[in-house]
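The values are calculated or read from the model by the stated rules, or taken from the named source; none is laboratory data. Quantities reported herein were computed from a predicted structural model and do not represent experimental measurements. FYI the Cβ positions are ideal-geometry reconstructions off the backbone, even for glycines, and counts take in every protein chain you see. SASA here: full protein model, heavy atoms, side chains in, ligands and nucleic acids out. Shrake-Rupley method; radii C 1.70, N 1.55, O 1.52, S 1.80 Å.
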Amino acid sequence: MELFTAGLLSLEDARSRMLAQISPLRDSETVAITAAAGRITAEAVVSPLDVPPFANSAMDGYALRAADFNRDHPLTVAGKAFAGAPYQGEWPAGSCIRIMTGAALPPGTDAVVMQEQTESSDQGIRILAPIRQGLNIRLAGEDIRQGASVLAAGVRLGAAELPLLASLGIATVRVLRKLRVAVFSTGDELQPVGEPLAAGQIYDTNRFAVHLMLDALGCEVLDLGIIKDDPGALRAAFQQANAAADVVISSGGVSVGEADYTKQILDELGEISFWKLAMKPGKPFAFGRLPDSWFCGLPGNPVSAAVTFYQLVQPLLACLTGQQGEALPARMRARASEVLKKTPGRLDFQRGVFSRTTEGDLQVRSTGHQGSHVFSSFSQANCFIVLERERATVQPGEWVEIEPFNALLGG
Ligand code: AMP
Ligand code: MG
C-alpha cells in the first residue's frame, strides 16, 4: 500500500499550499441591505445609534421613583406612557405613571414595578413586592453603544446580520464585489441536459453541480459550457475564462489519460501544480495561477469533483473574499452503526447518514456504494464520514469523525 500512496499530497497540505498563495480581493461596492443577502462585508460596520436609543420599560406596569415606595400607602396614577407615546409632563411625588413595555421612561423614573406585583383600588396602586432602583429598566445603549463595531469585515450577510443592520437604521452596506468565476467541463463524451445521448455519451453533471454551489456561495458565474478534448478548443476556453474571471474552474482531464490535453496547455499558459491527493474520492486535482486568474482543475468523476470543490475550492473562495470562520466545515464525533469499508492510504470522505441514538449519542451509517461516479450517494446522505488516512475498515461501535453537509449540499 505504501508503494502507491507515498507520493500523494495530504488534503491539509494541498489546502495550505493553495491558501498561502492567494490574498483576499479588495474591490468593494455599496449596496442596499435589501439586496445584500449572501454578500460579504468589506469593512467593519459601526452603530450610528445607542440601542436602545432611550431608557425604557422592560415590563407592563407602573413607573415610579423608588424613594416613593411604601408598601402601606398606594400611589396615585398621574398619567400613562405607551410605546411610541411617551409621558413627558411633571408628576407629583407620591404618584406613579402607568407604563407599557418599550415606552420611554417618564423623567425622574428610577424603577418600574410589574403589573402582577401591584394591587389596584380606589386609593391608587399598592405595590406588593420590594422595589430597587433600576428595576425593570432598559438603559439607553445597554445592548449596543453608538460607535461600537457590530459586524467585522469578512462576514457573510444573512438572516442573523441584515435585520441587525435594519434595527440600527443602516440602509446600505459596503460589501466586496462578487467573485467572478468561470466554469466549464471537458470531455468528448459529455452532452448537456436536454440533448439526446449518442452511443458512448453521458450527461454533464459537474458543470451543473459547480454552477449551483457557486450560486449558493454568491459568486457571479460565467458558464462556458462543454469543451471538447481538443487542444485548440481547450486553449481558447482557458484564455477566454482567464480574461473574464477571478477564478477559473474546469473539470475532467487532469488525470493521466490519452485525451488529457489540459496539462500541456495549462503548462503553456500559467504556473499550475498537478497534485495526486491522498483523499478518496478526488485524487487528481490541479491548482495554480493563470495570467489574470486562479485556476482549479477538478477531477472528472462527479463525486470527486463535488468533494474536491467542497473541501478545496470552497475554502479558497472564502479566503479570496476575506471571510472569517467559514473556511473549514465543522466536524463532530459519531459511532459507526455498521461496518465502514476502508483501505489505509487515503483520507476517505464517505457519504453517510447521521442521527441521534435514544441515549443521545450521534451514530452514523454509510449510504452504501461509495464509487466516485455514484452521485446519488449525496442526495441520500446528510454528512461526510471522514476516515483518517491510515485507518482501515471501521467496525460497528467505533467512533468516527463526521462533517454535516452545509447549505451547498442541502445540509
Ligand atoms: P477524466 O478526468 O476526464 O478522465 O474523467 C474521469 C471520469 O469522469 C470519466 O468517466 C468521465 O466520463 C467522467 N466525467 C468527466 N467529466 C464529467 C462531467 N462533467 N460529468 C459527468 N461525468 C464526467
Ligand atoms: Mg475527460
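Please report, as a whole percent, how much of the solvent-accessible surface of the chain comes from carbon and sulfur atoms (probe radius 1.4 Å).
Values: 10230 of 19550 Å².
Using a 1.4 Å probe with all protein chains present, the chain comes out at 52 percent carbon and sulfur.
Need one word for the chain: rounded, prolate or oblate. Basis is the Cα gyration tensor (sqrt eigenvalues a ≥ b ≥ c); a/c below 1.5 gives rounded, then a/b vs b/c decides. Numbers along the way, then the final one.
Values: a/c = 3.57, a/b = 2.24, b/c = 1.59.
Because a/c hits 1.5 or more and a/b exceeds b/c, the chain counts as prolate.
In whole Hz, with x marking every Gly and Pro, tabulate ³J(HN,Hα) for segment 148-157 from phi via Karplus 6.51 cos²θ - 1.76 cosθ + 1.60, θ = phi - 60°.
6, 7, 9, 9, 7, 6, x, 9, 6, 8
With a point put 7 Å past each Cα toward its Cβ, work out how far Asp122 is from Arg389 in nm, to one decimal.
In this crude label model, Asp122 to Arg389 measures out at 8.9 nm.
Would you please give the residues with an amide H less than 5 Å from that of Ile131, counting only those at least 5 places away or on a separate chain, with H modeled from the backbone geometry?
none
Explain nothing, just the number: relative contact order of segment 304-411, from Cα pairs under 8 Å at least 6 residues apart, as a whole percent.
On the way: 193 pairs, mean separation 35.4, N = 108.
Computed value for segment 304-411: 33 percent relative contact order.
Around Trp275, which amide H atoms from residues at least 5 apart in sequence, or from another chain, sit under 5 Å from its own amide H, with H modelled in the peptide plane?
Amide H neighbours of Trp275, under 5 Å, 5+ apart: Phe285, Ala286, Phe287.
Only loop residues by DSSP count here, and only those with at most 10 other Cβ atoms within 10 Å; note down the trypsin sites (Lys or Arg not before Pro) in segment 74-173 that meet that. Walk me through the numbers before you get to the answer.
On the way: sites: Lys80, Arg98, Arg126, Arg132, Arg138, Arg145, Arg156; in loops: Arg132, Arg145.
Counting only loop positions with at most 10 other Cβ atoms within 10 Å, the trypsin sites (Lys or Arg not before Pro) in segment 74-173 are Arg132.
How large is the helix-only mean residue ellipticity at 222 nm for the chain, computed as the sum of -39500 (n - 2.57) over DSSP H runs with n ≥ 4, divided by its residue count, in deg cm²/dmol to the nearest 500? Could the numbers behind the result be given before it?
Values: 9 runs with 73 residues, N = 411.
So the calculated ellipticity at 222 nm is -5000 deg cm²/dmol.
Provide the per-residue ³J(HN,Hα) series for segment 59-71, in order, calculated from phi with Karplus coefficients 6.51, -1.76, 1.60 and θ = phi - 60°, each as a whole number of Hz, with x at glycine and proline positions.
9, 7, x, 9, 8, 8, 9, 4, 5, 7, 5, 8, 4
Starting from the Cα gyration tensor of segment 332-409, take the square roots of the eigenvalues, sort them a ≥ b ≥ c, and report rounded, prolate or oblate (rounded when a/c is under 1.5, otherwise prolate if a/b is larger than b/c, else oblate). The partial results should precede the final answer.
Numbers: a/c = 1.63, a/b = 1.06, b/c = 1.54.
Here segment 332-409 falls in the oblate category.
Hey, what do the phi angles of segment 102-119 turn into as Karplus ³J(HN,Hα) couplings, whole Hz, using 6.51/-1.76/1.60 and θ = phi - 60°, x for Gly and Pro?
Per-residue couplings from phi come out as x, 6, 4, 6, x, x, x, 5, 10, 7, 10, 9, 6, 3, 5, 9, 10, 9 Hz.
Considering amide H positions built from the backbone, and no H for Pro or chain starts, which residues 5 or more places from Thr393, or on another chain, come under 5 Å of its amide H?
Answer set, sorted by chain and number: Lys342.
Any idea what angle helix 206-216 forms with the longest principal axis of the chain, computed on alpha-carbon atoms, 0 to 90 degrees, nearest 10?
Result, in degrees: 20.
Between rounded, prolate and oblate, where does segment 97-226 land on the alpha carbon gyration tensor, with a ≥ b ≥ c its root eigenvalues, rounded for a/c under 1.5, else prolate if a/b exceeds b/c? Before the final figure, lay out each step's value.
Details: a/c = 6.44, a/b = 3.38, b/c = 1.90.
Prolate.
Calculate how many DSSP beta bridges within the chain are antiparallel, expressed in % of all such bridges and rounded to the nearest 5.
Details: 56 of 84 bridges.
So the antiparallel bridges in the chain amount to around 65 percent.
Using a Förster distance of 22 angstrom, determine the FRET efficiency expected from the C-beta separation of Ser273 and Arg174, and round it to 0.05. Show your work: numbers first, answer last.
Details: r = 35 Å, r/R0 = 1.59.
Efficiency at R0 = 22 Å is approximately 0.05.
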